[in-house]
Each structure stands twice: as C-alpha cells, then as structure tokens.
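The values are calculated or read from the model by the stated rules, or taken from the named source; none is laboratory data. Model, not experiment: these values are computed from the prediction. Neighbour counts are summed over all protein chains in view; Cβ atoms, including those assigned to glycine, are modelled from backbone coordinates with ideal geometry.
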Amino acid sequence: MTDVLSVRGLKVAYGGIQAVKGIDLEVRAGELVTLIGANGAGKTTTLKAITGTQAWSGEIDYMGVSTRGQASFQLLTKGLAMVPEGRGVFARMTVTENLQMGAFVRNDTDGIRRDIDHMFGIFPRLKERARQLAGTLSGGEQQMLAMARSLMSQPKLLLLDEPSMGLSPIMVEKVFEVIRSVAERKVPMLLVEQNARLALEAADRAYVMESGLITLSGDAKSLLNDPKVREAYLGEAA
C-alpha cells in the first residue's frame with residue numbers, strides 16, 4: 001500500500017517543553033488509522049504539526065512530498081483536511097454557508113450543490129437546520145456540521161481530532177457511523193479519539209501515544225485485545 005502520510009522523527013517543543021519526542025507513523029491509501037492516548041500525550045500537537053499550524057522538526061511527507069514550508073491552506077488545496085477539536089464552525093453563518101465554505105477550494109458549482117445535498121442525506125438534522133446560524137446548533141449538531149464541512153473539500157486525507165468529545169452517547173454513535181461510512185469509501189483518515197474502544201473497533205491500525213512517544217502500534221483489533229491497552233484505556237483489569 002502507498003503511504004498517503006509518512007511521519008518520521010517528528011518533534012514538537014513548546015518553549016522548553018518537548019511535547020512530541022521523535023515519533024514515526026504512517027497512513028496508507030484507504031486506511032483508517034487511530035492515535036489514542038491520555039490527555040496531554042501529544043496527540044493534538046501531532047495533528048497540528050501535520051496540518052502546518054504548529055512548528056516542528058523531523059520529516060512529514062504527504063502524498064510523497066515534504067510538507068516543510070507549506071502553509072495549512074496550501075495543504076488544504078492538496079486534499080489535506082482536518083476536523084479540529086472544539087468543532088470550529090462559523091457561528092454567524094448558516095449551516096448551508098458553512099458547507100459552502102468547506103468547498104471554497106473547489107470551483108465545480110454543480111458538484112458542490114450535489115455534495116451539499118449528499119451531506120444533507122448523511123446528516124438529515126443539518127438539512128432541517130439548513131438556514132439556521134451554526135452558532136445556535138447543539139454541540140452534536142455542530143460536530144456533524146464540522147465533519148460535513150471538511151468532507152465538502154473532497155479530502156484525500158482527513159484528520160479528526162476528538163470528534164466524540166462532549167457529545168451524548170446517541171451523538172457519539174452517529175459520529176462513528178459517519179466515520180465508518182467514510183472509511184468504507186476508502187478515504188484515508190487519521191483519528192485522534194478519547195473513546196479508545198470505538199476508535200479501535202473502527203480502525204484498521206492504531207498507535208498508542210504516551211508522554212510524547214509512540215509506545216505501542218499495530219493492528220487495531222489486536223491492540224483492542226492487548227492487556228496493557230485494556231487496562232489503561234478501556235478500564236478493564238489486565
């Protein structure tokens with residue numbers, strides 16, 4: 001399989017604090033890869049480095065080309081999209097306007113219109129609220145909108161940062177239903193997620209991050225049954 005994303009020796013420091021300490025990871029074509037770990041492990045920082053919003057050292061290759069020196073908006077035009085932690089919807093725009101903003105790197109008007117209809121098919125609740133300001137939506141609805149907006153860019157690699165955080169169990173299940181459906185379309189994804197069980201059940205491969213280091217990696221289903229993972233992240237006795 002071809003590597004869509006290849007990270008080698010990635011380091012990120014905030015002042016004198018080394019948040020990421022030289023990690024390696026990759027996402028291959030058609031793969032859903034998850035990165036799990038406790039709060040403060042360095043997961044979000046890793047995503048920020050990959051998307052060009054955080055200074056870093058090491059090597060990051062996207063589609064076989066180094067991302068060094070490329071701004072986040074340049075990477076977006078090349079198909080690297082991210083659903084950030086905290087959703088980040090355009091609060092004073094309507095749901096439809098948010099979706100149109102997601103497609104700003106495209107110029108195929110008919111295709112954009114079709115894709116908005118497709119997003120409303122995936123997220124019927126967004127269709128019901130198409131003319132509503134995004135800032136008035138519930139947390140779960142905003143998460144749906146953030147995911148739909150990213151998909152509007154037709155990503156070649158989709159990064160998701162804690163998509164289930166703060167959501168009700170019903171909304172968490174809906175979010176993972178969408179993640180699984182995107183995975184079935186073979187859109188490569190890198191998922192950072194606190195809900196380790198759901199993440200490992202959905203993913204092909206997984207990495208476990210602790211204190212800025214990758215401590216375990218491998219087939220997601222195997223890690224789901226790993227005694228250390230079960231004890232540390234699934235709340236089960238080893």
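Key figures for this structure:
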item: Test: residue in the stretch 133-143 that is crowded, with 18+ Cβ neighbours inside 10 Å, closer than 20 Å to Glu184 by Cα and modelled with pLDDT of 95 or more; result: no
item: Test: residue in the stretch 93-104 that is under 30 Å from Gly218 (Cβ atoms), β-branched (Val, Ile, Thr) and either out of contact with any strand residue (DSSP E or B) (no Cβ under 9 Å at 6 or more places or on another chain) or surrounded by fewer than 18 Cβ atoms within 10 Å (Cβ to Cβ) (or both); result: no
item: Residue in the stretch 13-30 that is within 27 Å of Phe120 (Cβ to Cβ) and surrounded by 15 or more Cβ atoms within 10 Å (Cβ to Cβ) present; result: yes
item: Segments classed as strands (runs of 3 or more DSSP E), wholly inside the stretch 163-238, with at least 1 members that are at positive phi; result: 213-219
item: Residue that is within 22 Å of Val229 (Cβ to Cβ), out of contact with any Phe, Trp or Tyr (no Cβ under 8 Å at 6 or more places or on another chain), β-branched (Val, Ile, Thr) and at pLDDT 95 or above, where the choices are Val27, Val20, Val65; result: Val27
item: Listing of helices (runs of 4 or more DSSP H) fully contained in the stretch 20-113 that carry 1 or more residues being among the basic types (Lys, Arg) and within 23 Å of Ser164 (Cα to Cα); result: 43-50
